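Encoded as structure tokens, the structure appears first; notes follow it.
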Amino acid sequence: MPVLPGAEPYRHEGGEVGVLLCHGFTGSPQSLRPWAEYLAERGLTVSLPLLPGHGTRWQDMQLTGWQDWYAEVDRELRALTERCSEVFVFGLSMGGALALRLAAKHGDKVKGLVLVNPGNKVHGAAAHALPVARHFVRTTKGVANDIAKEGSVEIGYDRVPLHAAHSLRKFFQLVDTELPQVTQPMVLLHSPQDHVVPPADSARVLGRVSSTDVTEILLEQSYHVATLDHDADRIFEESYAFLGRLAPSVGKEGTSTGG
């Protein structure tokens, strides 16, 4: 299946500091593309992969699970660590959970994390029905496009395949057990008004990781897809300042301003 226009993966060859960006469940690289381009323009090496089953049609996602999504970002991280001296991982929603697992598994190969509205649990009574319901019902209503900013649109599926949702639930449970293994510096930005991932998920992440260098930032003007919302510039600027604090070479090498 052809990739939806705008949902393509994005890569930029920059300097010695690399950033891997992980998009969310049923979303695509489009939700993080402005962030990736912001970092690329400042001389960083950037990788924003398209997760398997995403960016085409929901039927393709029905055939994938968390192992496929995680394998993609794991492969990208390994490629970045060969190319760069320091690598950071940023993630939105499920991408935040993917980033946390990479940090837990790869240790000091991940220098730091920036998480935006990270998912930690599939909530509601329906979550408990998923193991059985997925065999009788193929999809439920989509979760894409939770954005406060007028005219800002996320490219994502309007249906959620229940097989994939079941896999997501199992993945969140797995990552939750691995959170104490996360020790890296972290910036966690979350929206009090999020109609997809409740603030409890961010609180859970902050309460269970072993990181001691942690910054929590509230995104008061945005909904779930904050990277395309009113607080997008703040996310970009805070993440870049975080990079500069932990990787002093950031901002001093190969900075380009071209688009």
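The values are calculated or read from the model by the stated rules, or taken from the named source; none is laboratory data. What you see is a predicted model, and the numbers here were worked out from it, not measured in a lab. When we count neighbours, we look across all protein chains shown, and the Cβ atoms used for this are built from the backbone with ideal geometry, even at glycine. Keep in mind that these areas ignore ligands, DNA and RNA; they rest on the heavy atoms of the full protein, side chains included. Shrake-Rupley method; radii C 1.70, N 1.55, O 1.52, S 1.80 Å.
Given a 1.4 angstrom probe, I'd like the percentage of the accessible area of the range 1-79 that is carbon and sulfur, rounded to a whole number.
Numbers: 1500 of 2820 Å².
So the carbon and sulfur contribution to the accessible surface is 53 percent.
For residue 160, the amide hydrogen comes within under 5 Å of the amide hydrogens of 140, 141, 142, counting only partners 5 or more places away or on other chains and with H modelled in the peptide plane. The local environment of residue 49, defined by Cβ-Cβ distances under 13 Å, has a net charge of -1 under the rule Lys, Arg +1 and Asp, Glu -1.
The alpha-carbon of residue 170 sits under 29 angstrom from the alpha-carbons of these lysines, leaving out residues fewer than 8 places away in its chain: 105, 109, 111, 121, 141. Computing Rg and the Kirkwood Rh from the Cα coordinates of the range 1-136 gives a ratio, Rg/Rh, of 1.00.
Size check on the range 163-259: the Cα extents along the three principal axes, sorted descending, read 43, 30, 26 Å.
Nonpolar atom fraction for the range 136-259, defined as the carbon and sulfur part of the 1.4 Å probe accessible area, stands at 50 percent. Hey, how much of the P(r) for the range 30-110 falls beyond 20 Å, as a percent of Cα pairs? Looking at the range 30-110, the distances longer than 20 Å represent 35 percent of pairs.
Once both labels are positioned 7 Å from their Cα atoms along Cα-to-Cβ, the gap between residue 152 and residue 140 label points is 2.6 nm. Remark on the range 108-203: hydrodynamic radius 15.3 angstrom, per the Kirkwood mean of 1/r across alpha carbon pairs.
Within the shell of other residues whose beta carbon sits under 11 angstrom from the beta carbon of residue 101, the net charge comes to -2, with Lys and Arg scored +1 and Asp and Glu -1.
Which value, in debye to the nearest 20, gives the size of the charge dipole of the range 65-135 about its Cα centre, when Lys and Arg are +1 and Asp and Glu are -1 at the Cβ? Provide the component values of the computation, followed by the final result.
Values: 9 positive and 7 negative charges, 32 e Å.
Its charge dipole is roughly 160 debye.
Reported value for the range 1-69: 81 Å³ per residue, from the convex hull of its C-alpha atoms. Ligands, DNA and RNA are left out, and with a 1.4 angstrom probe the accessible area of the chain is 42 Å² per residue. At full extension, residue 133 and residue 67 could sit 21.7 nm farther apart than now, given 0.36 nm per residue minus the alpha carbon distance.
For the range 1-54 versus the range 184-259, the spacing of their alpha-carbon centroids is 16 Å.
Inverting the pair-averaged 1/r between distinct Cα atoms of the chain gives 18.1 Å as its Kirkwood hydrodynamic radius.
Provide the packing ranking of 109-116, 68-75, i.e. peptides ordered by the mean count of other C-beta atoms within 10 Å per residue, highest first.
Numbers: 109-116: 24.9, 68-75: 18.2.
Sorting 109-116, 68-75 by mean packing, highest first, produces 109-116, 68-75.
Each peptide in 22-31, 152-161 receives the mean, over its residues, of other Cβ atoms within 10 Å, and ordering these scores from highest gives 22-31, 152-161.
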